[in-house]
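A short worksheet on the structure shown next.
The values are calculated or read from the model by the stated rules, or taken from the named source; none is laboratory data. Owing to the predicted nature of the structure, the values given are computational and were not obtained by experimental measurement. FYI the Cβ positions are ideal-geometry reconstructions off the backbone, even for glycines, and counts take in every protein chain you see.
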C-alpha cells in the first residue's frame with residue numbers, strides 16, 4: 001500500500017502532466033497558417049547560462065515565508081551557491097515550443113533555530129513547454145528586439161547532500177551516497193522535478209541573443225537536504241541566471257516528410273512531354289548535365305548500358 005504522501009505526489013504528477021499535454025496540444029494546433037514557416041529543421045536554438053541558487057526546504061529558516069524570501073529581504077541573499085546549464089529549444093509556431101534542459105547546481109541552506117545546515121549538488125534533466133508571452137499578448141512582430149516567455153515542465157534530479165551540525169561541523173546524515181555494489185560508485189538520490197520559470201530576452205541579431213531568468217525547480221521529495229521531515233511533500237531550488245542564445249537551423253535533408261521535391265525538368269503532361277521530345281526542349285538540370293557527361297564518355301548507345 002502507498003502512504004498518503006506518495007499518493008499525493010503521484011496525483012500531483014498526473015495533474016501536471018495533463019496540464020502540459022493540454023497546453024502543448026492547444027499551442028501546437030493554433031495558427032495553422034504560421035506553422036508552414038516552422039518546419040522541423042527551422043527555429044532551433046541552444047543556450048548556455050550561469051546563475052546563483054537558493055534552496056528552500058526543511059533545513060531553511062522561514063522557507064515558506066514570502067516576506068523573508070524576496071529580493072528585499074536579507075534571507076534572500078544568504079547561502080547562495082553556483083549553477084550552470086544548457087538549453088536546447090525548438091519552436092513549433094510563434095507561440096509555443098519545447099525545451100530540453102541539462103543543469104548542474106550546488107546547494108546550501110541553514111536552519112539556525114536547530115543549529116544545522118546542509119550542502120549538496122544536483123544534476124537535472126527535464127523537458128518543458130515554452131510559451132512566448134510577447135507574441136501571445138502583443139501580436140507577432142518579426143522585428144521586435146525583445147521577448148518575454150515562460151516555461152513549465154517535468155524531469156528528474158540526481159542529488160548528493162550532507163547534513164552537518166552548525167556548532168562543530170560534525171556530519172549528521174547523508175543522502176545520495178549509497179553504494180549498492182562493490183566496485184561501483186555511490187548512487188545518487190533520484191527524484192521527480194518540475195521546473196517553472198519566466199524570462200526576458202534581448203535579440204542582438206538573427207544569430208544571437210542574451211537573456212535573464214527567474215526559475216524555481218520544485219522537487220517532489222523531502223530528502224534533498226538530507227533531513228526528511230514527515231509531512232513535507234516538496235522542496236524547492238530557486239535560481240537567477242543569465243545567458244546567451246545561438247539560433248540555428250538543421251540541414252534540409254533532416255526534415256520529416258517529402259518537403260520540397262527538387263524539379264527534374266520533366267513534365268507529367270503527355271502532350272508537353274511529346275512537344276519537348278519533338279522540339280528537343282531540354283532544361284539544364286543536374287540530371288541532364290550528368291547524362292551529357294556519360295554520353296561524352298561512353299557514347300549514346302553505350303551510355304544506355306551504363307545508366308545510373
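If only one of 106, 60 is within 19 Å of residue 169 (Cβ to Cβ) and modelled with pLDDT of 95 or more, which one is it?
106 is the lone residue from the list that is within 19 Å of residue 169 (Cβ to Cβ) and modelled with pLDDT of 95 or more.
Part of a loop (DSSP other than H, G, I, E, B), in contact with a helix residue (DSSP H, G or I) (Cβ under 7 Å, 6 or more places away or on another chain) and farther than 20 Å from residue 216 by Cβ: which single residue out of 184, 144 fits that description?
Criteria check complete, one pass: 144.
Working only within the stretch 199-219, note down all residues that are more than 13 Å from residue 124 (Cβ to Cβ) and either without any contact (Cβ under 8 Å) to a residue 24 or more places away in the chain or touching a helix residue (DSSP H, G or I) at 6+ places or on another chain (Cβ under 8 Å) (or both).
Matches in the stretch 199-219: 204, 205.
Which condition number in (1) more than 22 Å from residue 83 (Cα to Cα); (2) surrounded by 14 or more Cβ atoms within 10 Å (Cβ to Cβ); (3) modelled with pLDDT of 90 or more is the one that residue 232 fails?
The single condition residue 232 does not satisfy is (3).
Between a residue in the stretch 76-103 that is under 22 Å from residue 122 (Cβ atoms) and any residue that is modelled with pLDDT under 95 and assigned to a loop (DSSP other than H, G, I, E, B), which pairs come within a Cβ distance under 8 Å, given they are 6 or more apart or on different chains?
Qualifying pairs under 8 Å: 76/68; 76/69; 76/70.
Is there a residue being at pLDDT 95 or above, in the same structural domain as residue 224 (by TED's automatic domain parsing) and within 13 Å of residue 98 (Cα to Cα) anywhere in the stretch 137-148?
No, the conditions are met nowhere in the stretch 137-148.
Pairs please, first residue from the stretch 30-52 and not assigned by TED's automatic domain parsing to the domain that holds residue 205, second anywhere and surrounded by 14 or more Cβ atoms within 10 Å (Cβ to Cβ) and modelled with pLDDT under 50, Cβ atoms under 8 Å, 6+ apart in sequence or on different chains.
Sorted first by the residue in the stretch 30-52, then by its partner, the list stays empty.
Here's a check for you: in the stretch 153-180, which residue that is touching a residue at least 12 places away in the same chain (Cβ under 8 Å) and in a loop (DSSP other than H, G, I, E, B) is nearest to the chain's Cα centre (by Cα)?
Applying the filter and picking the extreme gives 176.
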